[in-house]
Every structure is written in structure tokens, then in C-alpha cells.
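Nothing in this text is a laboratory measurement; each read-out follows from the coordinates by a stated rule. For clarity, every value in this text was computed on a predicted model and none was experimentally measured. We place every Cβ from the backbone using ideal geometry, glycine too, and count neighbours over all the protein chains shown.
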Amino acid sequence: AGRKLQHTFLADSLTVDPKRAAAQQAMIEQAGWLLGVQFTLQVVPGPGGTVLDVLAGLPSEVYATGEAMYQQHWKFQISQGAPLVVAAIDGAAEQTWDNVARALYTASRVATPDGAIAVCTTLSEPPGASLRQYASAPDARVALRRIHKQRLNDSLPAAALVRALSQARVYFLSQLDEATVEELGMAPVASGAEMARLATRFPQCILIDNAQYALVSTEGEA
């Protein structure tokens, strides 16, 4: 139950809707108040798996300070999107499917229509049940409804991949075998050199380091 609730909040966090974010934070604060929580710790992530800062204090104050610090460090705006967006996940401990979901969401926001997304990882963790079942489903809307209903451990990356594949071709560099990557509807990339050659096939390319944390948008977007 705890893992399912965690993924419910993670799925909702993959948005830029301030009303939803505010409602989610209000729910967290109410739960903390009911449990008598008067003190909290929050880690603000830095690049490559490092720690930017550790905050401690009242939940509402820690949230406000941490949010402002995160936005200042990780929010970027670019003039326009590109037909290829390369999203790199940095840090040995950061190689998870949940972070792949965040990278896919970030890249999807700045890839041009019918463009391509390339995710660079050293991921070796096998995909879970939702990823295997729904990633390459022919009807994205049906797949997303079923993923949302089931709320399995890998619901977050499954939903993110379904959405990404519905709008772009997705290339994937990892330590997984080619057959597994292809089963998920993505095109496997064998090496960094192959990824570099892929980039030369597009007139423009955007590279996003630490894509699991970056908040990237084009001019005119929130």
C-alpha cells in the first residue's frame, strides 16, 4: 500500500500544473499534522548524484525553501524545441526506471512534434510488469487508463514511456539487451559513439544533463 501511494504522488509530480502541486502539498501537510509531525528533513539534489543542500525545520518552511532552491538550480528555459532531445541521467545511484520517467517527461516537453528523444543511461534493472505489458501498446489512451487503475510498482515509468512513444521515437542507451529495449517499443543504442552518430542525423539537437531533475521549457511556457 505504501509503495502504491508513493507512485500515486510520483505520477502527479510529473506535471507543471501549479494547482495540482499546491493540492498535493496541502495533502502532505495535513497528513503530517494528523500524525503530529512537526519536523522534517529534505534533501535538495545536485548534479551527478550529489547533494546540493539538506534542509531541516517545520514542514511548510522546509518545502517553501527547498522548492525555491530547486527552481533556482534546476529550472531552465530555451528559445525553442528541437527534433532530437538527448536526455542524460547522471550518477551511478540515479540509474532507475523512475528517473527514466522523469527524463522522458522533461525531453517530451521540448521535442518538436514527431521528433525523437534519446535517453542516455547505464541502467541494468529489468523492466517491470507494467512496462512490459503496456509500453508498446497500440492505443496510448487505453494503456494509460489501465496503468492508472493498476498502480503497480512501475506504473510511473510505464505511463511516461507510453506518453513519450505516442509523440516521438524514443532511443535508449542502457546496459539492457537489445531485445528487451525493442520489446518496450524503443530503439536500442549500443554506445555513446552510436548516440553521437545518431545526433548527426538531425538538423538540431538539445542535450539535457541530469534530465531526471531538470525543469526545461521553451519560451512562452510556464
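So, by mean Cβ neighbours within 10 angstrom, what's the order for 84-90, 128-134, 213-219 with the highest one leading?
Top to bottom by mean Cβ count within 10 Å: 84-90, 128-134, 213-219.
In 5 Å bins starting at 0, how do the alpha-carbon pair distances of segment 79-222 split up by percent?
It works out to 2, 11, 21, 24, 21, 14, 6, 1, 0, in whole percents.
Based on the Cβ-Cβ distance of Ala179 and Cys205, what FRET efficiency does E = 1/(1 + (r/R0)^6) give at R0 = 41 Å, to the nearest 0.05?
Efficiency, from the Cβ-Cβ distance: 0.90.
For Arg141, what is the net charge nearby, where nearby means another residue's Cβ is under 14 Å from its Cβ and Lys, Arg count +1, Asp, Glu -1?
Around Arg141, the charge tally is +3.
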